[in-house]
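Peer 1: Encoded as structure tokens, here's the structure I'll be asking about.
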Amino acid sequence: MDLSLSDAQELLKASVAHFVQQECPKEVLLALEMTPTGTTPQLMRKMAELGWLGILIPEAYGGAGRSFTDAAVLFEELGKGPVCGPYFTSSVLGALLVLHGGSEEQKRALLPQVARGTCVLGVAVTEADYGWQPQAVQLRAHRQGDHYRLSGVKLFVHDAQAATHLLCAVRTGDDPRGGITLLVVEVPTAGLTVRSLPGWMGQVDEVRFEQVQVPATAVLGGVEGRGWDVLEAAALQAIPILCAYKVGSCQAVVDMALAYSRTRVQFGQPIGRFQRVQDHIIAMVNHLDAARWTTYEALWKLDSGRPAAASVHLAKAVTSEAYVKVCDGAHEVHAGVGVMREYGLTLHTQRSRALYHLLGDPRTHRRRLADALGW
Amino acid sequence: MDFEVTYTPEQEAFRAEVRAWLAANVPPDLEEPVDPAHLSYEQYGKRRELGRKLGAKGWLYPTYPPEYGGGGLSVDFALILEEELDRYGLHLPPYYDSGGRLGAASILVWGSEEQKRYFLPPMLTGQWRTWQLLSEPGAGSDLAAVQTRAVRDGDHYVINGQKIFIGSLHGCEMMWTLVVTDPEAPRHHNLSWFMIPADLPGIEVRPMELLTAGGEGGASPGLKHTVFFDNVRVPAFHLIGGENNGWKVATTHLELEHGGGGLIRRHRVAERFLEYCLTTKRHGVPLSQDPDVRDDMVEVYIKKEIVRLLGLRTYWLSHANRPRSYEGPQLSYCRKVTNLEIAEIILRALGPYTLTTDPAWAPLAGLLEHFQRAAVVGLHPGGTTDIQKVVMARRLGIGRTVREEAGRLR
Ligand SMILES: Cc1cc2nc3c(=O)[nH]c(=O)nc-3n(C[C@H](O)[C@H](O)[C@H](O)COP(=O)(O)OP(=O)(O)OC[C@H]3O[C@@H](n4cnc5c(N)ncnc54)[C@H](O)[C@@H]3O)c2cc1C
């Protein structure tokens, strides 16, 4: 047994940490939080040059072809920022969808560009009847000759504003699962509008289709009805990387609270001396470690080709909850200063809520866990 | 024991009078923005005007003595007023004011007769809206560590220093504050309590950028500020309770801030969330029929009922002048943590809908999105949850060698 990172992973971790420090300091993140895409062309270019946008993409398609754990190391460091932007959606979830479901031609067309940052993938699954189960995909694509016609709305789509291509889950048949197809929709396309949703959610959008025409060649993999299977396969591998992002976030928030509890003095002593403050921090650390080790084990299972489903659901259920609770604890510890925008803690609080449901909320994954355990 | 408030014919007549008066005097176009930061100056003006009209009848602060501008009414009458205002979604006072609720309570206990006659009527009749200036960058929970300094100069005091997390949207007429008057004296014996007219030269008010400015519980301020005092000259008459006696004066409003006055307000967000689940369909059926959401609804219901009853109990104790000890801080603690719990249950039940203010998609016009932020921010005003626990433990006789008593409200 050895639970440490490899030297190469330590190196990657250090270089991402350096990047986040240099390119995405708090002031930059506070500004990016308010933008529709959460990124800039310069940031995209730099991340592409470092090989990070293609980290999971095989070398044959212009990527770095690294392991899930490697990708998790990258995202854990980004989570510390917390760095916003379409990196997870495009380079992890989107890329995995194309890898699992795309035809050779689609892989060649999309993946090298994703790695270069010239193509940004968005993933549009959820709708007004929100949920991450196949029944929730209701948007119909009607086949007419050599194209499909779509009208309807995809809702709470992460990073759609940054996307050049949207991978849309649509209904082409009535079977709850077997009736779902993934379409690659280019942005812009006539009749397609992407709109940022205002509120405490960051880069989450509405995608509206009004008589949108998509060529039949846009079906991912060229065959109808495989969409949900592809989505499940890709999500199984993408989720632990999203979890790793949240582990990084939890770590950053714990670090903030520890630093503050050492330096903030009230009643003549650092507040960390108060057992009540210690209790908050201990609960935070326990959440952090639960998130970290459930995530790492799931990653190890994926990389070593072991059955990973139960571990993935476990990690997702634990980690989404952990991020919310760790932020709550940090707010208790920081009190007033923590709700001042410039302090930076609320960047995390916002993301802990906005990422809570992405790819399934804890309740969904608890249920899937019981299924995966064969109960 | 009787939870039902039964009304005498005299009280029923009072209700009829209040109802008719409100029908004639509550402006029909009062708006309550879901985010209090969006209250316009014009709307604020209407609320102030309503406050002054209520104040002229002694109904703004109905249980205060009439000789100082209150209504001299008993709890039962005050409840009738609150109930009738509640029909308009209003409460007393109909805007954020630290004056009547906290400041006036302190002046009533600690002010001289002359001071009561000068300060209380404008506060209690709604002429002045008042902010409380307690916290400083170095003094939050440890309020007694304030550094802002007042130095006597003839018949004035000269004040210098900085306060944070102060006030509300649209300014105030009067500020009250706790400052150092004797830097040599021991802790708690070095402070004094002042009423400061907001328009004195040398006062600078700068807005703070917060996640939002307050939580469910009191009237939400909408905005907080940093306030700087630069050689502000305040007449000595504005010192309440005597020099270096400020900490004692503060115990009165701190007791109230720690929940000691109780709470008889409905949990508007919880109620509207429950109503929303009963009337909104998802996947073709009402949300309330989804077994998961149903569980969540029950959990929200139970939590809000417990806080309601703790609030009612404490309100009764305080207004019926019964002995109190730990009940105030208990209410404050439970209200704060329950709000955060409720916010997270709603997040779980309604998904990302909870986080948007989008006109097309936001449930309840964005009320839930604001509550997500407000429940986090609301942990802190009036003392952190930890501090409420500290006080509660002292009142239970386990925090210190001597059991601490509740602060004086009368
Ligand atoms: C929205 C909002 C509105 C506010 N409105 C006003 C206002 O109108 N006027 C005003 O004067 N102030 C106001 N405040 C300030 C508020 O009263 C303080 O934020 C609060 O008292 C906590 O102080 P602090 O933020 O300095 O935290 P700190 O006191 O620094 O606390 C940091 C941490 O240490 C813990 N801690 C401190 N002492 C102890 C102890 N003895 N035992 C155990 N734990 C301890 C706290 O619980 C917390 O976890 C407001 C604050 C907010 C956020």
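Peer 1: Is it fair to say residue B:333 is open to solvent by 10 Å² or more (accessible area, probe 1.4 Å), more than 10 Å from chain A (Cβ to nearest Cβ), within 17 Å of residue A:328 (Cβ to Cβ) and not small (Gly, Ala, Ser)?
Peer 2: Judged against the criteria, residue B:333 is a match.
Peer 1: May I ask you to list the residues in segment B:290-306 that are open to solvent by 30 Å² or more (accessible area, probe 1.4 Å) and either modelled with pLDDT under 95 or within 14 Å of another protein chain (Cβ to nearest Cβ) (or both)?
Peer 2: Within segment B:290-306, B:290, B:291, B:292, B:294, B:295, B:299 qualify.
Peer 1: Please tell me if residue A:272 is open to solvent by less than 50 Å² (accessible area, probe 1.4 Å) and either away from chain B (no Cβ under 12 Å) or closer than 30 Å to residue A:373 by Cα (or both).
Peer 2: Judged against the criteria, residue A:272 is a match.
Peer 1: Take residue B:373 and decide whether it is among the basic types (Lys, Arg) and within 30 Å of residue A:207 (Cβ to Cβ).
Peer 2: The answer is yes for residue B:373.
Peer 1: Being more than 16 Å from the ligand (Cβ to nearest atom) and not assigned by TED's automatic domain parsing to the domain that holds residue A:76 is true for just one of A:314, A:345. Which residue is that?
Peer 2: Just a single option satisfies the conditions, and that option is A:314.
Peer 1: Tell me which residues, restricted to segment B:353-368, are open to solvent by 10 Å² or more (accessible area, probe 1.4 Å) and either more than 9 Å from every other protein chain (Cβ to nearest Cβ) or in contact with a Phe, Trp or Tyr (Cβ under 6 Å, 6 or more places away or on another chain) (or both).
Peer 2: Residues satisfying the conditions are B:364, B:365.
Peer 1: Related question: Which residues, counting only those in segment B:181-206, are open to solvent by 10 Å² or more (accessible area, probe 1.4 Å) and within 16 Å of the ligand (Cβ to nearest atom)?
Peer 2: Scanning segment B:181-206 gives B:187, B:188, B:198, B:203, B:205, B:206.
Listed here are the residues, each with its yes/no results for (1) away from the ligand (no atom under 16 Å from the Cβ); (2) more than 20 Å from residue B:168 (Cβ to Cβ); (3) modelled with pLDDT under 95.
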{"site": "B:55", "(1), (2), (3)": "yes, no, no"}
{"site": "B:71", "(1), (2), (3)": "yes, yes, no"}
{"site": "B:77", "(1), (2), (3)": "yes, yes, yes"}
{"site": "B:100", "(1), (2), (3)": "no, no, yes"}
{"site": "B:125", "(1), (2), (3)": "yes, no, no"}
{"site": "B:132", "(1), (2), (3)": "no, no, no"}
{"site": "B:141", "(1), (2), (3)": "no, yes, no"}
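Peer 1: Kindly list, by first and then second residue, each pair from a residue in segment A:193-211 that is open to solvent by 40 Å² or more (accessible area, probe 1.4 Å) to a residue that is at pLDDT 95 or above and of a type in the set (Lys, Arg), limited to pairs with Cβ atoms under 6 Å and residues at least 6 apart or on different chains.
Peer 2: Qualifying pairs under 6 Å: A:193/A:208.
Peer 1: Filter segment B:157-178 down to the residues that are open to solvent by 50 Å² or more (accessible area, probe 1.4 Å) and either more than 8 Å from the ligand (Cβ to nearest atom) or more than 14 Å from chain A (Cβ to nearest Cβ) (or both) and list them by number.
Peer 2: Answer for segment B:157-178, where residues must be open to solvent by 50 Å² or more (accessible area, probe 1.4 Å) and either more than 8 Å from the ligand (Cβ to nearest atom) or more than 14 Å from chain A (Cβ to nearest Cβ) (or both): B:160, B:162, B:170, B:173.
Here's the yes/no breakdown for (1) outside any helix (DSSP H, G or I); (2) among the basic types (Lys, Arg); (3) out of contact with any helix residue (DSSP H, G or I) (no Cβ under 7 Å at 6 or more places or on another chain); (4) open to solvent by less than 30 Å² (accessible area, probe 1.4 Å):
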position	(1), (2), (3), (4)
B:54	no, no, yes, yes
B:59	yes, no, no, yes
B:83	no, no, yes, no
B:97	yes, no, yes, yes
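Peer 1: I'm trying to understand the selection: among the residues of segment B:243-263, which are assigned to a loop (DSSP other than H, G, I, E, B) and touching a strand residue (DSSP E or B) at 6+ places or on another chain (Cβ under 8 Å)?
Peer 2: Selection gives B:243, B:244, B:245.
Peer 1: In this structure, does residue B:209 turn out to be within 14 Å of chain A (Cβ to nearest Cβ) and either crowded, with 19+ Cβ neighbours inside 10 Å or touching a helix residue (DSSP H, G or I) at 6+ places or on another chain (Cβ under 6 Å) (or both)?
Peer 2: It is true that residue B:209 is within 14 Å of chain A (Cβ to nearest Cβ) and either crowded, with 19+ Cβ neighbours inside 10 Å or touching a helix residue (DSSP H, G or I) at 6+ places or on another chain (Cβ under 6 Å) (or both).
The values are calculated or read from the model by the stated rules, or taken from the named source; none is laboratory data. Only a predicted model underlies this, so the values are computations on that prediction, with no experimental measurement involved. Cβ sites come from the backbone with ideal geometry, for glycine too, and all protein chains shown count toward neighbours. What goes into the accessible areas is simple: the full protein's heavy atoms, side chains included, and nothing from ligands, DNA or RNA. Shrake-Rupley method; radii C 1.70, N 1.55, O 1.52, S 1.80 Å.
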